[in-house]
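Notes follow the structure.
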Amino acid sequence: MPDLSVHIAGMHFKNPVTTASGTFGYGDEFLDFIDLERLGGIFVKAVTGKNRDGNTYPRMAETSSGMLNSVGLQNKGVDHFCREIYPRIKNFNTHIIVNVSGSTIEEYAEVAGRINELEKIPAIELNISCPNVKLGGMAFGTVPAMAAEVTAAVRKVYKKVLMVKLSPNVTSITDLAKAAVDGGADVITLINTLLGMAIDAERRRPVLSTITGGLSGPAIKPIALRMVWQVHKAVRVPIIGLGGIMNSTDAIEFMLAGASAVQVGTANFIDPAISVKIVDGIASYMERHKIKEVSELVGALRTEL
């Protein structure tokens, strides 16, 4: 059997397939569909400092080859997560990684510090696509200096593996990645959703209550692949890639572009068992191509003429 295990920032993953935050709940919602312990890891939905009710409905919409969402980081806050959610999920035999979000640098640091105390959480994923309320709503992850600042603030209080999830809504993804690494990121995750919108022509109204939202699904895969490839050449930390991964071939393409592991997101809404099917598909690909270790695929894209 091929060896699907990967090592990322000192963490051993049984395989490179994980689930994307916001598309898989806290993991236990999928127990009726798959064996969670077959996954390399689960990135649970965003946790913020206080309760957030999220945006008003409608906040999700189908689009050509994808979907838009503007859920608004709905969650009950870090206290509720530590008290009610963590005991439910801490003993799954796979990595449980928490997506940390906030509206201020202080909130990010507060949540990260609380999660740092949880023994069975080996890493956090810093979502820097959130708007900075102190700077008029500009996202932390659109300005390199701001990305470095929030990452450094979290690095001071968080002692385990720090992953930083990048927004694609920028001029230079490599500048942003370098800034996150300078701030102390151990791993880069990319890409988050692309800003988009949908319009109901009959009503002459936007489909989403927030007018714009995050585009995900197959439509963004070519952009995500390009950004993973660029960042892989620009920084020396591991990358976790995502953006339109619908099957094992998609996942393999991300690894060839430079990702050490992948996250499956929108596809979970179509097939709740897709993540384990992708694990099996990668193994079959490795057997066909006589690849012994999945790490051989990372960055193995041939670009010479």
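Throughout, read-outs are computed from the coordinates displayed, never taken from laboratory work. Predicted, not measured: the structure shown is a model, and the values here were computed from it. For neighbour counting, all protein chains shown are included, and Cβ atoms are generated from backbone atoms with ideal geometry for every residue, glycine included.
Things to note:
- Within region 157-263, the proportion of C-alpha pairs whose separation exceeds 17 Å stands at 55%.
- Put simply, the amide H of Glu293, placed in the peptide plane, has neighbours under 5 Å in Asp3, leaving out anything fewer than 5 places away on its chain.
- Within the chain: Cβ-based charge dipole about Cα centre, in debye rounded to nearest 20 (Lys, Arg +1; Asp, Glu -1): 420 debye
- Separation between Cα centres of region 52-110 and region 153-191, rounded to whole Å: 18 Å
- Shape of region 52-143, Cα gyration tensor, a/c cut at 1.5: oblate
- Selection among Asn51, Gly258, Pro122 by position relative to the dipole of the chain gives Asn51 as farthest towards the positive end (Cβ unit charges, Cα centre).
- Ordering His95, Ile223, Ala61 by Cα displacement along the dipole of the chain toward the positive end leaves Ile223 in first place; charges were set at the Cβ atoms of Lys, Arg (+1) and Asp, Glu (-1).
- Ellipsoid equivalent to region 161-216 - semi-axes via the Cα gyration tensor, in Å: 33, 10, 7
- Here the calculated FRET efficiency for Glu37 and Thr303, from their Cβ-Cβ distance with R0 = 35 Å, stands at 0.40, rounded to the nearest 0.05.
- Near Asn99, the amide H atoms lying under 5 Å from its own belong to Val44, Val47, Glu125; only residues 5 or more places off or on other chains count, and H is placed 1.01 Å from N.
- Within region 81-170, percent of DSSP bridges classed antiparallel, to nearest 5: 10 percent
- Under the convention that each Lys and Arg Cβ holds +1 and each Asp and Glu Cβ holds -1, the size of the dipole of region 1-106 around its Cα centre is about 240 debye.
- For Ile128, the residues whose modelled amide H falls within less than 5 Å of its own, excluding neighbours fewer than 5 places apart on the same chain, are Lys165.
- The aspartates and glutamates whose alpha-carbon is closer than 17 Å to the alpha-carbon of Lys50, local same-chain residues fewer than 8 away aside, are Asp79, Glu84, Glu106, Glu107, Glu110.
- Across region 195-208, computed HN-Hα scalar couplings (Karplus, 6.51 cos²θ - 1.76 cosθ + 1.60, θ = phi - 60°) run 5, x, 8, 9, 10, 8, 5, 5, 8, 6, 10, x, 6, 8 Hz from first to last residue, x flagging Gly and Pro.
- Of the beta bridges in the chain, as assigned by DSSP with both residues counted there, near 40 percent are antiparallel.
- Charge dipole (Cα centre; +1 on Lys/Arg Cβ, -1 on Asp/Glu Cβ; no other charges) of region 82-220 amounts to roughly 240 debye.
- Distance between the 7 Å Cα→Cβ label points at Arg236 and Arg205: 5.5 nm.
- Global geometry of region 1-65, whether rounded, prolate or oblate, following the gyration tensor of its Cα atoms and the 1.5 cut on a/c: prolate
- Residue-averaged [θ]222 nm for the chain, counting only DSSP H segments that reach four residues, each worth -39500 (n - 2.57): -8000 deg cm²/dmol
- Kirkwood Rh in Å, taken over all unlike Cα pairs in region 257-305: 12.4 Å
- Set Lys14/Lys76; Lys14/Lys160; Lys120/Lys290; Lys90/Lys156; Lys14/Lys134 screened for pairs whose C-alpha atoms are more than 29 Å apart: Lys14/Lys76; Lys120/Lys290; Lys14/Lys134
- Residue among Met146, Ser295, His7 farthest towards the positive dipole end of the chain, charges placed on Cβ: Met146
- Taking trypsin sites (Lys or Arg not before Pro) across region 35-124, the ones in a DSSP loop with at most 14 further Cβ atoms lying within 10 angstrom of their Cβ are Lys90, Lys120.
- Computed over region 124-210, the range of Cα coordinates on each principal axis works out to 52, 24, 22 Å, biggest value leading.
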